[in-house]
2 protein chains.
Amino acid sequence: MSGEFSAIERIRRLLPDPPAGEVWIGDDAAVLRPPTGPLLLAADVVVEGVHFTAGADLADVGWKAMTANVSDIAAMGGRPLHAVMTIATPDVAGVDRLYEGVAEAVVAYRCALVGGDLSRASEVSVSVAVTGTVDGDLPPVLRSGARAGDAIFVTGALGAMAASGYALRPQARLAEGQAARRAGATAMIDVSDGLAADLGHILDSSGVGATLDALPVAAGATEEQARSGGEDYELVFTGPAELAERLPFAIRIGTCTSDPAVRPAGGGWEHSWP
Amino acid sequence: MSGEFSAIERIRRLLPDPPAGEVWIGDDAAVLRPPTGPLLLAADVVVEGVHFTAGADLADVGWKAMTANVSDIAAMGGRPLHAVMTIATPDVAGVDRLYEGVAEAVVAYRCALVGGDLSRASEVSVSVAVTGTVDGDLPPVLRSGARAGDAIFVTGALGAMAASGYALRPQARLAEGQAARRAGATAMIDVSDGLAADLGHILDSSGVGATLDALPVAAGATEEQARSGGEDYELVFTGPAELAERLPFAIRIGTCTSDPAVRPAGGGWEHSWP
């Protein structure tokens with residue numbers, strides 16, 4: 001498929017060169033030095049009409065696709081290493097604009113784009129897979145480690161994306177996730193589907209319940225948007241109450257309970273496939 | 001998005017459990033032991049209406065998505081380790097059938113599915129990223145190592161998929177790719193876009209030309225289908241003529257020339273984006 005080869009050549013020029021001994025874009029697979037610590041691997045897709053509107057600036061879409069993935073690495077307390085991206089689109093000419101946002105994210109997150117694929121399609125979808133690792137001896141922070149009595153924190157105010165009609169450029173909280181891991185966070189997840197849903201995954205995996213206090217609501221957002229709106233990419237994590245003293249960004253929003261049936265009041269716990 | 005969580009739970013049950021110390025499906029990112037050799041990373045997407053017809057059996061689509069990716073690892077002379085998969089679909093109920101084909105591929109290729117994402121969309125697209133490595137001291141086989149005088153080989157007859165209307169289950173040539181690397185192949189690629197296009201990538205990357213003899217044509221296929229049809233996932237590789245003696249599957253189809261302007265006659269060198 002055409003345009004494919006020239007588009008790949010153009011993204012190659014937007015990106016830094018690989019270090020000696022590595023092969024990035026342009027072969028059947030990238031050849032990479034593996035990390036010395038654990039290898040993290042995640043994938044997320046963003047789809048026209050679901051995660052962005054048909055008229056969206058494709059640079060923002062490229063940024064968002066990278067951010068959604070890097071955020072998954074942040075939620076482990078890790079740092080990203082490499083990404084591969086597949087783009088399905090009716091309009092190959094738009095790919096260059098998309099790559100501009102990707103190239104910005106590559107720099108901002110220090111996450112190399114090392115390969116991918118490009119296909120025709122009737123609507124735009126962008127799928128990214130990302131690798132990462134954690135530095136130091138502490139393991140990645142899973143969803144399953146929350147204990148009764150743990151405090152529940154978020155890294156920032158919620159609902160901004162829902163309030164803005166998803167027009168902003170969200171930021172993956174890499175530094176915050178790494179600091180939370182080093183400080184002893186027991187469980188962590190990123191708020192991609194909304195606080196209620198994502199905290200629910202921690203509670204399900206850890207076998208605990210939760211009571212919530214007031215949520216930090218982003219400027220212009222409603223409390224409902226803070227509770228149920230997605231794609232803010234703030235992190236929610238659990239751990240000893242004292243974490244708040246060591247992590248200046250940590251905003252306490254509640255407490256884990258021993259009874260898993262105790263769930264925060266309010267909506268957002270039900271999902272629907274239209 | 002719903003159905004999402006239960007679909008993820010169902011695929012989890014279809015798949016083997018991770019070894020101790022690893023985390024697969026169900027957290028923000030999979031936690032894996034990195035390979036001791038080089039880390040290979042590739043991604044491919046298959047899209048409804050482009051790579052399969054709207055009425056296709058989704059189990060075949062799942063198989064094909066895995067095969068296209070594993071084939072990229074085969075083309076490096078490697079073996080696959082882990083895959084992550086994102087599925088965009090209008091019909092979440094079809095995902096279970098798709099996972100059946102994926103689960104077969106996971107077993108056939110010994111490539112664990114360790115994570116992914118699921119989204120609504122108006123058409124089906126399946127994007128897979130795969131990791132792999134190479135065993136032993138020889139490096140992965142790149143596209144760029146062909147030398148003037150090298151013989152050109154394929155691993156099997158070509159054109160079967162084009163002749164069949166893409167109805168078959170193609171097989172990634174893992175054993176053949178690994179054997180070709182051990183025997184001293186100088187360059188290798190998989191035939192995903194058609195022999196003419198894919199051999200062209202080797203010639204471009206290596207700065208050599210090629211003359212072709214007769215191609216091995218799959219039963220029922222035309223010579224044109226053998227030359228330009230894609231998705232057979234046979235491998236084409238270059239190296240000393242003596243490789244044929246050590247590799248029983250190797251079918252010699254031509255010779256690399258020092259003049260990069262010498263290209264095989266016939267179509268398939270032009271690509272078009274409709």
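So here's what we get for this one:
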item: Output for segment B:161-193, where each listed residue is over 12 Å from the mean Cα position of the chain (by Cα) and modelled with pLDDT under 95; result: B:Met161, B:Ala162, B:Ala163, B:Ser164, B:Gly165, B:Tyr166, B:Ala167, B:Leu168, B:Arg169
item: Residues being more than 20 Å from B:Leu39 (Cα to Cα), within 14 Å of chain A (Cβ to nearest Cβ) and hydrophobic (A, V, I, L, M, F, W, C) - total across segment B:102-126; result: 5
item: Candidates B:Ala65, B:Ala29, B:Ala20, filtered to the one that is out of contact with any Phe, Trp or Tyr (no Cβ under 9 Å at 6 or more places or on another chain), farther than 21 Å from B:Ala108 by Cα and crowded, with 24+ Cβ neighbours inside 10 Å; result: B:Ala29
item: Unmet criterion (only one of (1) within 11 Å of chain B (Cβ to nearest Cβ); (2) more than 20 Å from B:Val31 (Cα to Cα)) for A:Pro19; result: (1)
item: Flag if B:Ala197 is buried (at least 18 other Cβ atoms within 10 Å of the Cβ), in contact with a His (Cβ under 7 Å, 6 or more places away or on another chain) and modelled with pLDDT under 95; result: yes
item: Checklist (1) within 13 Å of chain B (Cβ to nearest Cβ); (2) touching a residue at least 40 places away in the same chain (Cβ under 8 Å) applied to A:Arg10, failing item; result: (1)
item: Single residue of B:Asp60, B:Asp44 found to be more than 9 Å from chain A (Cβ to nearest Cβ), of a type in the set (Asp, Glu) and either over 12 Å from the mean Cα position of the chain (by Cα) or surrounded by 24 or more Cβ atoms within 10 Å (Cβ to Cβ) (or both); result: B:Asp60
item: Residue within segment B:236-250 that is modelled with pLDDT of 95 or more, in contact with a Lys or Arg (Cβ under 8 Å, 6 or more places away or on another chain) and crowded, with 22+ Cβ neighbours inside 10 Å present; result: yes
item: Test set (1) surrounded by fewer than 24 Cβ atoms within 10 Å (Cβ to Cβ); (2) within 30 Å of A:Thr89 (Cα to Cα); (3) touching a Ser or Thr at 6+ places or on another chain (Cβ under 8 Å) - A:Val126 fails condition number; result: (1)
item: Residue match in segment A:85-101 (condition: under 16 Å from the mean Cα position of the chain (by Cα) and within 8 Å of chain B (Cβ to nearest Cβ)); result: yes
item: Matching residues in segment B:32-75 - criterion: being within 23 Å of B:Arg143 (Cβ to Cβ) and free of Cβ contacts under 8 Å to residues at least 40 places away in the same chain; result: none
item: Residues of segment B:221-240 that turn out to be under 16 Å from the mean Cα position of the chain (by Cα) and basic (Lys, Arg), as a count; result: 0
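The values are calculated or read from the model by the stated rules, or taken from the named source; none is laboratory data. The structure displayed is predicted, hence computed values, not measured ones. Cβ sites come from the backbone with ideal geometry, for glycine too, and all protein chains shown count toward neighbours.
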